[in-house]
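Read the structure below first, then the notes.
Each value in this text was obtained by applying a stated rule to the coordinates, not by laboratory testing. Here the structure is a predicted model, which means the values were calculated and not measured. Please note: Cβ atoms are built from the backbone with ideal geometry, for glycine as well, and neighbour counts cover all protein chains shown.
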Amino acid sequence: MSTGPITARGGALAFKPGYADNAADALRDLRPASETTDFELEHHHDAAGTAQLGFWVYLMSDCLLFAGLFATYSVLHVRTAGGPTPQSLFDLPYVLAETVFLLVSSFTCGLATLAMGRRSRRATLGWLAVTFALGIAFVGMEVHEFAHMVADNAGPDRSAFLSSFFTLVATHGLHVTCGLVWMAIMMVLVVKKGFTPSTESRLNCLSLFWHFLDIIWVGVFSLVYLFGVS
Amino acid sequence: MSVANEAIVGHAPHGAIHGRAHVSAHGAAHGSRKSYIVGFLLAIALTLVPFGLVMTHAPVGTPLLIAVFALAQIMVHIVYFLHVDRSAEQRWNLTALLFTAIVVCIILGGSLWIMHNLYVNMMPGMMPGSMG
């Protein structure tokens, strides 16, 4: 990226690529102040883009972690060891409510990044707060469901099916909880610092993370709950 | 960033090129309100239909339908929420995503295949096919 704009700025002088760095130094001194800021901004933008790609690679590796848990669950879900079966355990209207909470939170998280694009601090914080509340509701419902199951002697130690169920669903829930902590930190940062390139980049990564968790949940409710009950 | 874009677009001719790159990189990161609304409505529909099918005890063929709806909803999320497309800025994101999709298929399909074979061959007394 660094040679592109520089050779273009060189224009008629036609620098050889090998001299691009020296040319950049020379040009930076010659350029008016306004162009220097463009250069800095471009530099920031590159760094943010690299951070975003790096975060994307993390999300993909997380996806492989979940693939392993999904595979474990799909192999073990028939091993109920005489204990409760998916049909007897899962309450679909309850899961539908959880799903809608998470889906709406994904949407409001998108609205928060749009508000950030408009540089509206109030709207960004408002949508982040809505997303946070919906995320709390989701985690709360999940914890409530788990507590009920453990109380009904359907805890993770009951059968291979339940071990794999708790591992898969709780790993997702743990991710959502980490996302909530991150979101709380970002809200404080936006209040204190406003939209700096670093808060903007982090908010973009958080939004990717949140949308990604919703995609994992699509796999969870389809494979675990819908397949389980059907 | 919009102020910066205007400043960059002001410098012709390279400014125009970079101005456009900035705008599209921005668009890729944030999407538009319309794309979020379209994606949200599609995702809600693709959630409610399979839930409705299972909750009303629809006739056979439901497992396949659940899988189709799940894949469709995942595609909707990737396109409308994660904004992965075939633009140049997204090329490495898309490459990583496709690679991950292949590995996920191998892990899921391979596990079920191996465990099914093991089950059929190691426990001949039990009913084959009750697995997975």
- Provide the net charge surrounding A:ALA115, with neighbours chosen by a C-beta distance below 13 Å and charges set as Lys +1, Arg +1, Asp -1, Glu -1. +4
- Formal net charge of residues neighbouring A:MET187 (Cβ-Cβ distance under 15 Å; K, R +1; D, E -1): +4
- Message: Restricting to Cα pairs below 8 Å that are 6+ residues apart, what does the relative contact order work out to for segment A:56-229? Please round to a whole percent.
- Response: 35 percent
- Note on the structure: Here the residues of segment A:64-80 lying in the modelled label zone of B:MET122, meaning backbone nitrogen under 20 Å from a point 7 Å along Cα-to-Cβ, are A:68-80
- Note on the structure: Surrounding charge for A:VAL104, neighbours by C-beta under 14 angstrom, Lys/Arg +1, Asp/Glu -1, total -2
